[in-house]
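Written out below as C-alpha cells is the structure these notes cover.
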Amino acid sequence: NAGVTQTPKFQVLKTGQSMTLQCAQDMNHNSMYWYRQDPGMGLRLIYYSASEGTTDKGEVPNGYNVSRLNKREFSLRLESAAPSQTSVYFCASERGPRSGANVLTFGAGSRLTVL
Amino acid sequence: GENVEQHPSTLSVQEGDSAVIKCTYSDSASNYFPWYKQELGKRPQLIIDIRSNVGEKKDQRIAVTLNKTAKHFSLHITETQPEDSAVYFCAAINTGKLIFGQGTTLQVKP
C-alpha cells in the first residue's frame, strides 16, 4: 500500500519550459489536493478536486492547470514555468468532504527549480 | 474564502517547558481544525485535530483548544522533548478545502 506517490522528486527547468507533476493514490480517496510550500509562506493550496471529474481553484492557481484523470490520479501542469514557481510541491488526498474524516495523506513532495 | 493566520513564526523553548502556537481563522462556517507536524525533509503528518462542536481535545502531551466566538484555536505541547522540534501547521476547512497557516518552526533545546 503505497499511499500517495508523486513524480518526479526533483526537477530543474528553464524559464518558459513546461512540465507535469504526477500524483497517484491507492487508498480509494475521493478528494485530492496540490499545495506548494515556500519558506515563511506555509502550505498554499493551488488546486483542489473534491471528486473525479471536478476541480476547483485554491489560493494560488495562476500559472497552473490540473487534470483529475480518474479517481486515482491528479496531475499539475506548468505550461510556461517562471522562477516564482520554484518551490516544493505536495500532493495530498483524503476520503472526501462528506466522509467526516478530513485527514490528509501527503506525498513525499516534488522539489522544482526554475532557472 | 478562508484565511488562516498563525503565530509565532518561530519558537524556541528549553526541553521540558511548554510551547503554545496560536491560529486565527476568518470564516465562521469553518468546522474542522487540524494540526500537522513536518519534520525536516519529510512530509506533513496529522498530530491532532478538533471539530467545531468541541472546545478542547488532548492526546498525551499535546492538546488543542478552540474558541469559536473569537475564531481562534491553539496547540499546546507540554514537557517538550528534542524530537518535538519541527514545523507545525494549523489549518481550517470550509467547503472541502483545507487552508493552512504559515507555519511555526519549533526548536526544543536540550
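Taking the criterion of being in contact (Cβ under 8 Å) with a residue 12 or more places away in the chain and not hydroxyl-bearing (Ser, Thr, Tyr), the residues of region A:38-60 that qualify are A:38, A:43, A:44, A:45, A:46, A:50, A:52, A:53, A:58, A:59, A:60.
Listed by position, the strands (runs of 3 or more DSSP E) enclosed by region A:1-86 that each have at least 3 residues that are of a type in the set (A, V, I, L, M) are A:19-25, A:42-49. Taking (1) within 14 Å of chain B (Cβ to nearest Cβ); (2) within 23 Å of residue A:3 (Cα to Cα) in turn, residue A:57 satisfies each apart from (2).
Restricting attention to region B:63-83, the residues that are over 13 Å from the mean Cα position of the chain (by Cα) and outside any loop (DSSP other than H, G, I, E, B) add up to 3.
Of the residues making up region A:68-78, those that are farther than 16 Å from residue A:92 by Cβ and in contact (Cβ under 8 Å) with a residue 12 or more places away in the chain are A:70, A:77, A:78.
Where the second residue is in a strand (DSSP E or B) and the first is aromatic (Phe, Trp, Tyr) and lies in region A:9-30, which pairs have Cβ atoms under 9 Å and are six or more apart or on separate chains? Within 9 Å, the pairs are A:10/A:110; A:10/A:111; A:10/A:112; A:10/A:113.
Taken over region A:23-43, the criterion of being buried (at least 18 other Cβ atoms within 10 Å of the Cβ) and closer than 16 Å to residue A:88 by Cβ is satisfied by A:23, A:33, A:34, A:35, A:36, A:37, A:42, A:43.
So, residue B:68, is that one surrounded by fewer than 21 Cβ atoms within 10 Å (Cβ to Cβ) and closer than 17 Å to residue B:22 by Cα or not? Criteria met by residue B:68.
Once region A:51-68 is narrowed to residues that are touching a Ser or Thr at 6+ places or on another chain (Cβ under 8 Å) and within 15 Å of residue A:31 (Cβ to Cβ), the residue that is surrounded by the most Cβ atoms within 10 Å (Cβ to Cβ) is A:66.
Considering every residue within region B:87-96, establish whether at least one is assigned to a strand (DSSP E or B), away from chain A (no Cβ under 14 Å) and within 13 Å of the chain's Cα centre (by Cα).
If we filter region B:87-96 for residues that are assigned to a strand (DSSP E or B), which is where we start, we get B:87-94.
Now drop any that are not away from chain A (no Cβ under 14 Å), which leaves none.
Among the residues of region B:87-96, not one is assigned to a strand (DSSP E or B), away from chain A (no Cβ under 14 Å) and within 13 Å of the chain's Cα centre (by Cα), which makes the answer no.
Has region A:77-88 got at least one residue that is surrounded by 14 or more Cβ atoms within 10 Å (Cβ to Cβ), in contact with a Gly (Cβ under 9 Å, 6 or more places away or on another chain) and within 11 Å of chain B (Cβ to nearest Cβ)? There is at least one residue in region A:77-88 that is surrounded by 14 or more Cβ atoms within 10 Å (Cβ to Cβ), in contact with a Gly (Cβ under 9 Å, 6 or more places away or on another chain) and within 11 Å of chain B (Cβ to nearest Cβ).
The residue of region B:35-46 that is surrounded by the most Cβ atoms within 10 Å (Cβ to Cβ), among those that are modelled with pLDDT of 95 or more and more than 9 Å from every other protein chain (Cβ to nearest Cβ), is B:35.
Annotation note: of B:25, B:32, the sole residue that is surrounded by 14 or more Cβ atoms within 10 Å (Cβ to Cβ) and touching a Phe, Trp or Tyr at 6+ places or on another chain (Cβ under 8 Å) is B:25.
The values are calculated or read from the model by the stated rules, or taken from the named source; none is laboratory data. Quick caveat: nothing in here was measured; it's all calculated off a predicted structure. Please note: Cβ atoms are built from the backbone with ideal geometry, for glycine as well, and neighbour counts cover all protein chains shown.
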